[in-house]
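Read the figures in this text as sums done on the coordinates, not as results from a lab. The shown structure was predicted, so the numbers you read here are calculated from the model rather than taken from an experiment. FYI the Cβ positions are ideal-geometry reconstructions off the backbone, even for glycines, and counts take in every protein chain you see.
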Amino acid sequence: MRKYVLLSFLVALAMLAVPMVSLADSVTTNVNITVNNPAVQQVGLVGTINWEQGIIEAKGTGIPPLNARTAQQAQALARRAAMVDAYRQLAEIVNGVKIDSETTVKDMEIASDEIRTKVSALIQGAVPVREMPHPDGSYEVVMQLRLFGQSSVMGAIAGAAPTGEPKPFPEPTPGFSPPSSAVVYTGVVIDATGMTPAFLAAPRIHDTNGRAIYGNEFVDYDVANGRGLVDYVASPEELAKIDMGQSRAGSNPLFVKCLGLRDGVENNENFVISVEDADKILAANAQSGFLKRWAVVVKLQ
């Protein structure tokens, strides 16, 4: 029932609040949102979640009614229909965003009327970023929302933290001998090149023995929701920032290799590293505390 109420509201919003446009108005001529960046998750044929940039996009399509009196009215009505469709697509994409292996944004909305209200308001406030009229009279609109930060999807669900303090990070395996060098690491880069994770806002890192060394349970939950526990990196520009010491992992990150993925329907949600690398991370974190600062980057290519 709530879904239909929201959709009705979106229809009304589009019909009342969207300005008319003329055939002479300037619109962007490219609404293609299919991409090849491994850090961009394709959602069906009409949406993407760019986990690298923290942006959600959804495309809506509208067809003009047969009884339109003029070409200008036909285009305006097709645009309104595209807006309504884009709002609907955006709501479906947002609801499906996974926070961790067990929780989606929709789960958070079901559990909290306050969160549902915040997420609905966020979607209703989305605006078009690209538009295109077609020769056949149809119209396409791309709507955009931020995934992290202020006025974002994850920001809207902040405040839903579970009770209790974060768990302490595990100790390195008994008998582990950390390197004798005095190197202080500022973060960690997980090299998952060639892998295709099912993107989560708060993935966990396990070692091959099943020990979890990083995840929602170890950090401030609200901050994790507002920012995400890791940065997913794949574009040349963001990869270069790692080399320049300008990424989230800081100026001197520890590099470790991802050996595989686990959890979820397709066993591809959380990251697996060796026991030795897990011990290195925990020992380095005990020295500088970078995991508490969420200084973790996942490198996808």
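Quick look at the values:
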item: Residue (of Gly245, Val189, Gly260) at the positive-pole extreme of the stretch 187-299, dipole from beta-carbon charges; result: Gly245
item: Long-range amide H partners of Asp231 with built H, under 5 Å; result: Val296, Val297, Val298
item: Using θ = phi - 60° and Karplus 6.51 cos²θ - 1.76 cosθ + 1.60, couplings along the stretch 175-185 (whole Hz; Gly, Pro as x); result: x, 5, 10, x, x, 6, 5, 9, 5, 10, 8
item: Alpha-carbon Debye profile of the stretch 194-301, log10 I(q)/I(0) at 0.09 Å⁻¹; result: -0.21
item: Sequence ranges 73-85, 230-242, ranked by mean other-Cβ count within 10 angstrom, highest first; result: 73-85, 230-242
item: Label-point separation in nm, Ile110 to Glu92, each point 7 Å along Cα→Cβ; result: 1.9
